[in-house]
1. Pick from A:57, A:103, A:114, A:65: which is closer than 19 Å to residue A:143 by Cα and at pLDDT 95 or above?
2. Go over the candidates A:224, A:237 one by one and state the one that is in contact with a strand residue (DSSP E or B) (Cβ under 9 Å, 6 or more places away or on another chain), at pLDDT 85 or above, within 12 Å of chain B (Cβ to nearest Cβ) and crowded, with 21+ Cβ neighbours inside 10 Å.
3. Considering region A:167-186 alone, what residues qualify as being away from every other protein chain (no Cβ under 14 Å) and within 26 Å of residue B:145 (Cα to Cα)?
4. Every residue in region A:245-302 that is within 29 Å of the chain's Cα centre (by Cα) and without any contact (Cβ under 8 Å) to a residue 12 or more places away in the chain, please.
5. Taking the condition at positive phi, in contact with a helix residue (DSSP H, G or I) (Cβ under 9 Å, 6 or more places away or on another chain) and more than 7 Å from chain A (Cβ to nearest Cβ), does residue B:308 pass?
6. So is residue A:230 in the same structural domain as residue A:154 (by TED's automatic domain parsing) and more than 26 Å from residue B:191 (Cβ to Cβ) or not?
7. All but one of (1) within 14 Å of chain A (Cβ to nearest Cβ); (2) under 21 Å from the mean Cα position of the chain (by Cα); (3) on the phi > 0 side of the Ramachandran plot hold for residue B:232, so report the exception by its number.
8. So, residue B:78, is that one modelled with pLDDT under 95 and buried (at least 16 other Cβ atoms within 10 Å of the Cβ) or not?
């Protein structure tokens, strides 16, 4: 492929693959005419579906992969099998044939193969999972969401750096406001590693608008563009947010169902319902991204439909187009976060 | 006071004290005719407001306290001043004159004086903050919410025990379902101390319906009655839930405002709005309780109105009526959680 912008696709992951994957690609390709796709999977099945999408076909190169990673496969087993569509798709990024890979397959396997194959960026200690979420007036990103249940100050500072670059590239925000998730705004509140991370970030001269601590209830107000936290807390916050949004909407629906009066009023509320759906539609926030590796891995939800899948692909394209991984490397060139942390810890004595 | 059910009241804490406090007491007294109150504060001001509530006056004993804990006071300073309404109100519990204390004052001060004065229950290592929250079909309790940012397995097991007793007494659930907050349902997911806590609880023969792990998005569905977690994660979950509930309702309001059509439909939706408000009204969930001490301390929100304050008082009454502290002590008589944890850790080698 001559075009520089190439995304590698695991066509076999997810509930309705490869059909949903191809349908999603078609949507993403329409929005991103400069992108090309390396599609790994059962080539006869993939090519048959591709026939329905002639303009997509022109930007796809299909490569046959004889095997598939199943949902029940253990990460320890899949990393040894180089014949799966997932392995081959990730490997294409390693070989420099693509800048990012998208898969809707088994999360654990995707993480394991990505780490093994792409390797962590030099100077980054741990990759993180990041996603895009809606707030009242826009979108924000949060990381880590579960790759690292325990994090030290250095990990958090690295997440801040990666999240900052991620938000610039994926949300198109020139100077994202970066905040550390904490349970209070006072300097002494929360955990020691958070206080240390704040110091590392402040003293790092990273090109970043670091605004200090943020509490979870301030996130929906849009106070920050990048929320940095450990994988346990991030996962807790993310799932609390998702669960509560669903609860409130469910309570409203339950309540409307019980009321004849409310049912009469429903037609008037159609526009409001649509607008809320447009803001909160989980398909528009599909895609968890594994960052910190030499290449970008995007995990689409296994149950995502074509629209959801296309969002994951579009995110991969946005990040690849702006050389996400290279930017992280460049930002790290001028700074040694590890050394900085040691200095701060030393000063504390 | 001859009656056994006595609640000690710090009449001077909070934004509109002592008026809101007395108004709240009047509401709580109506619902709990067997309760009596020891009211600490500026006696002339308190008595003047009490004149407006003759039936409340009959169940109140006002005691003068010359000083007040202010919002800006440091915990280290307030614990030395025995003349504040807060100190005197807590001390009444220590002296056995009351079973619980309610204050809308400075949280840090309330925690500090409570710990110092009431002391931790023997066999309990750390007190916890617990609150009551709404789920889709009822209410649940969650602890710890911030008293302990780092917790080991033993702390978590103790929180489970206290939360179980708390839910029985405050929610009137005969056999609460107790769950540990985690980021996955698989046994290996999450943190080591959570896995160990699960083992301690399972092997403790505590009288408890322990249902294992719960993920945050399952909480609103009402899968458990008691959610056990460390103070950092609990605070993150609580504030994420509060923030998101507000966000969704705000998005709907914003959207209705923008639409003439929706405004026309509003009268039909009045019932739905009221029902949602009735379920989600934060005043109905006012009161964070400090449990694990020899006596119960209830913190009302500083900005609570009379209804909110009455909820905090009613919670104190429910727990006192059923001898909350004694039940915790009794449950601990038959079990040594500390020893159990040591055994489990030993077995792991």
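The values are calculated or read from the model by the stated rules, or taken from the named source; none is laboratory data. If you're wondering where the values come from, they're calculated on a predicted model, not measured in any experiment. Here Cβ is always computed from backbone atoms with ideal geometry, including for glycine, and neighbour counts include all displayed protein chains.
1. On the way: A:57 fails: closer than 19 Å to residue A:143 by Cα; A:103 fails: closer than 19 Å to residue A:143 by Cα; A:65 fails: closer than 19 Å to residue A:143 by Cα.
Within the list A:57, A:103, A:114, A:65, the selection yields A:114.
2. So the residue among A:224, A:237 that is in contact with a strand residue (DSSP E or B) (Cβ under 9 Å, 6 or more places away or on another chain), at pLDDT 85 or above, within 12 Å of chain B (Cβ to nearest Cβ) and crowded, with 21+ Cβ neighbours inside 10 Å is A:237.
3. Of everything in region A:167-186, just one residue is away from every other protein chain (no Cβ under 14 Å) and within 26 Å of residue B:145 (Cα to Cα), namely A:178.
4. The initial filter retains those residues of region A:245-302 that are within 29 Å of the chain's Cα centre (by Cα), namely A:245-250, A:272-302.
Correct list: A:246, A:247, A:248, A:250, A:272, A:273, A:274, A:275, A:277, A:278, A:281.
5. Values: at positive phi: no; in contact with a helix residue (DSSP H, G or I) (Cβ under 9 Å, 6 or more places away or on another chain): yes; more than 7 Å from chain A (Cβ to nearest Cβ): yes.
Answer is no for this residue.
6. So residue A:230 fails the test.
7. Answer for residue B:232: the failing condition is (3).
8. Values: modelled with pLDDT under 95: yes; buried (at least 16 other Cβ atoms within 10 Å of the Cβ): yes.
So residue B:78 fits the description; yes.
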